[in-house]
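First comes the structure, then the notes that go with it.
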Amino acid sequence: MHQNPETSFKEYQTQISIQDYLIQLGVSQQNIKKIAKTGLFVDLQGRPEPKGEKRTITFRADIDALQMTEQNPHLEYQSVNGAAHMCGHDGHTTCLLGFASLFMEKINEVPSNKTIRLLFQPSEEGPESGAIEMIKDGCLQNVDEVYGFHNWPTHKVGYLMVKPGPVMAQVCIIKLTIIGKGGHGSEPLKAIDPIQAAIDFHIKFRQINEKHKNRQFVCTLPIFQAGERYNVIPQTAFLSGTFRSLENGFDEEFKKDLVQILEEIKYQNKVDYQLDWKNTFPILSNTEKEANDIERIAKEYFGEQNVGFGCMPVKASEDFGFYVQNKPGAFFFQVLKEMKEMLCYMIANMILMKP
């Protein structure tokens, strides 16, 4: 899977490979359903007589890769097709398949009214959320609880991080076009330079960040594009980035401040603007009972010293939040490999990952 990654809603071979492996384990074909285009919905049921109340517990793994070139030639299984599993979704999928294998070994010990539902979800990386499509196609029907996890190599192997409440941030995508008046580089006074207006905006934008420095958010605009020729003042300048917050409702407050400075720039620089603000993923907030259950069980298996909040909450984002908006559930981090064994850079040239 690592060697043959597939990006959002293109995980066709990945879907087939997962299905084939489940059938090899003895999972009935009728219990495996294709949903959300390239996703899978799998019900595993026990065989003995029913016991207690009927329950369906759901576990989800994301299966998509990133559109980027892997530069790890030291790996025998390096990606070969221009995409790469740099966020570890191949590991998540492997863990869920391992869970399926263990369940099938113990199937005669699980009452027939207890169901484990496995969700293999496409397109967590987006831009469109695979979780939304899975939910639309009925993956949470008759579900009592839903769980997910992400590998997080910041502690020693086996360490598990979980807490009630917010654990990952809401994310909004910002696209801003500043519209001036194009012209020739030899006569700048006959043009209205959108680049200067964009620079003025960015200075004021940083002041908004400073104003709210004590709030639980981060907003960055990594994309700044303008012009195509060295001697032409462009008509437009384009900026784009993300707003991320762990506070419900703060996005509207921040957006209001953003619009206010845009109006100031519009007046001062005699430009116009188009702002596209798109809410993509909600805050991922664990329900209390389910988060506490994960913590309790993890401490029983791994020891109290290997369970805690760790780095939670983080300002990275995950579309698992859509599941827990609909059902009780929890999302946790677990260390599958330590940093000393695997350099983990969110901000680095891929070449640094070579041994």
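Summing charges over all other residues whose Cβ lies under 10 Å from the Cβ of T7, with Lys and Arg as +1 and Asp and Glu as -1, gives -3. When chymotrypsin sites (Phe, Trp or Tyr not before Pro) are flagged only if DSSP places them in a loop and at most 14 other Cβ atoms lie within 10 Å, the longest unflagged stretch of the chain comes out as 78-229.
Here the residues M312, M168, ranked from fewest to most Cβ neighbours within 10 Å of their Cβ, fall in the order M312, M168.
Dipole size of region 1-146 about its Cα centre, with +1 on Lys/Arg Cβ and -1 on Asp/Glu Cβ: approximately 580 debye, rounded to the nearest 20.
A simple spin-label model places the labels of N214 and E105 5.4 nm from each other, with each point 7 Å out along Cα-to-Cβ. Dipole of the chain computed with +1 at Lys/Arg Cβ and -1 at Asp/Glu Cβ about the Cα centre; of I223, L25, T14, farthest Cα towards the positive end is I223.
Ordering H202, N269, I107 by Cα displacement along the dipole of the chain toward the positive end leaves N269 in first place; charges were set at the Cβ atoms of Lys, Arg (+1) and Asp, Glu (-1). Scanning the chain for trypsin sites (Lys or Arg not before Pro) lying in DSSP loops with no more than 14 further Cβ atoms inside 10 Å, the longest uninterrupted stretch between such sites is 271-336. Each other residue within a Cβ distance under 12 Å of S240 adds +1 if Lys or Arg and -1 if Asp or Glu, for a net charge of +1. Under 5 Å between amide hydrogens, built in the peptide plane, is the criterion, and for V307 it picks out L160 among residues at least 5 positions away or on other chains. A viscosity of 0.890 mPa s and a temperature of 25 °C, combined with the Kirkwood radius over Cα pairs in Stokes-Einstein, give a translational diffusion coefficient for region 171-280 of 168 µm²/s.
About its Cα centre, the chain has a charge dipole of approximately 360 debye under the convention of +1 per Lys or Arg Cβ and -1 per Asp or Glu Cβ, with nothing else charged. Taking amide H positions as modeled 1.01 Å from N, with prolines and chain starts lacking one, the residues under 5 Å from T7 and 5 or more places away or on another chain are A65.
Listed cross-link partners K211/K270; K211/K255; K204/K256; K163/K289 are compared with a 20 Å cut-off, the Cα-Cα value being larger for K211/K270. Evaluating 6.51 cos²θ - 1.76 cosθ + 1.60 at θ = phi - 60° for every residue in region 111-120, the Karplus couplings come out as x, 6, 9, 10, 10, 9, 9, 9, 10, 9 Hz, glycine and proline recorded as x. With only the Cα atoms considered, the chain has a convex hull volume of 161 Å³ per residue. When the inverse distances between all different Cα atoms of region 1-154 are averaged and flipped, the Kirkwood radius reads 16.1 angstrom.
Rounded to the nearest 20 debye, the dipole size of region 150-307 about its Cα centre is 300 debye, using +1 on the Cβ of Lys and Arg and -1 on the Cβ of Asp and Glu. Which one, P73, G182, Y323, is farthest towards the positive end of the dipole of the chain when Lys and Arg carry +1 and Asp and Glu -1 on their Cβ? Most positive-ward Cα: G182.
Each residue in V42, V232 was given a count of other beta-carbon atoms within 10 angstrom of its own, and listing them fewest first yields V232, V42.
Taking other C-beta atoms within 10 Å as the exposure proxy, H150, H89 rank H150, H89 from fewest upward.
Values in this text are rule-based calculations from the coordinates and carry no lab data. Keep in mind that what you see is a predicted model, and the values were worked out from it rather than measured. With ideal geometry, Cβ positions are generated from the backbone for all residues, glycine too; neighbour counts draw on all protein chains shown.
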